[in-house]
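What follows is a short report on a single structure.
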Amino acid sequence: MEKTILQKATFGGGCFWCTETIFKQLKGVENVVSGYSGGKVKHPNYSEVSEGNSGHAESIQITFDPKIISYEKLLEVFFLTHNPTTPDRQGNDIGSQYRSVIFYHNEEQKKLAEEVKLRVEAEKIYTAPIVTEITTYTAFYPAESYHQNYYEKNPDQPYCQLVISPKLVKFREKFSKLLKR
């Protein structure tokens, strides 16, 4: 029996509570960790990142089985489940820590990220240009334990009810064929 080699994808698409919740629902996704990537501070904490001085974006690191879900499909979900046209902002979350960014792990991921970005722009899904950064992955630092599985642990929290739940409904409708059963 051939052993499956899992791969990693690292995305920043605003608040990691939202993005973690979405990507955990996909078939082929083995694990999603909320954390920080793209900054200059080693082993940052939430306070340092939320102040906006660390250079890190709130990010998720996805471990996935490419035989079940492709990196390209993950990119499509990424581009269509957050607003990639607003620099340093997602909804009411403002600052560089909420920027739209893809941290590619190899040249193939870079190529696919650029292709999918161009395809989404060409489809005119958004009226403004896509500003998502596509940059080399250097490091990922897991966020504090209370940030992991936040939505699952706090579904009645106001942010979860007002921001994540409606986003999840739209995501499930659009990507129903990709969902874990």
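Just so it is clear, none of the values below were taken in a lab; they were calculated from the coordinates. Source: prediction; values computed, not measured. Quick reminder, even Gly has a Cβ in these numbers, built from the backbone with ideal geometry, and neighbours come from all protein chains shown.
At-a-glance table
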{"item": "Thr63 touching a residue at least 24 places away in the same chain (Cβ under 8 Å), of a type in the set (S, T, N, Q) and under 19 Å from Val116 (Cα atoms)", "result": "no"}
{"item": "Residues of the stretch 92-113 that turn out to be surrounded by 14 or more Cβ atoms within 10 Å (Cβ to Cβ) and not hydroxyl-bearing (Ser, Thr, Tyr), as a count", "result": "12"}
{"item": "Which listed residue, of His82, His56, is buried (at least 16 other Cβ atoms within 10 Å of the Cβ), in contact with a helix residue (DSSP H, G or I) (Cβ under 8 Å, 6 or more places away or on another chain), of a type outside the set (Asp, Glu) and within 14 Å of Ala143 (Cα to Cα)", "result": "His56"}
{"item": "The one condition in (1) within 30 Å of Ser176 (Cα to Cα); (2) in contact with an Asp or Glu (Cβ under 6 Å, 6 or more places away or on another chain) that Pro84 fails to fulfil", "result": "(2)"}
{"item": "The listed residue being under 14 Å from Glu20 (Cα atoms) and either among the aliphatic types (A, V, I, L, M) or touching a residue at least 24 places away in the same chain (Cβ under 8 Å) (or both), out of Ile164, Ile125, Ile102", "result": "Ile164"}
{"item": "Residue in the stretch 139-158 that is of a type outside the set (A, V, I, L, M), more than 24 Å from Glu30 (Cβ to Cβ) and touching a residue at least 12 places away in the same chain (Cβ under 8 Å) present", "result": "no"}
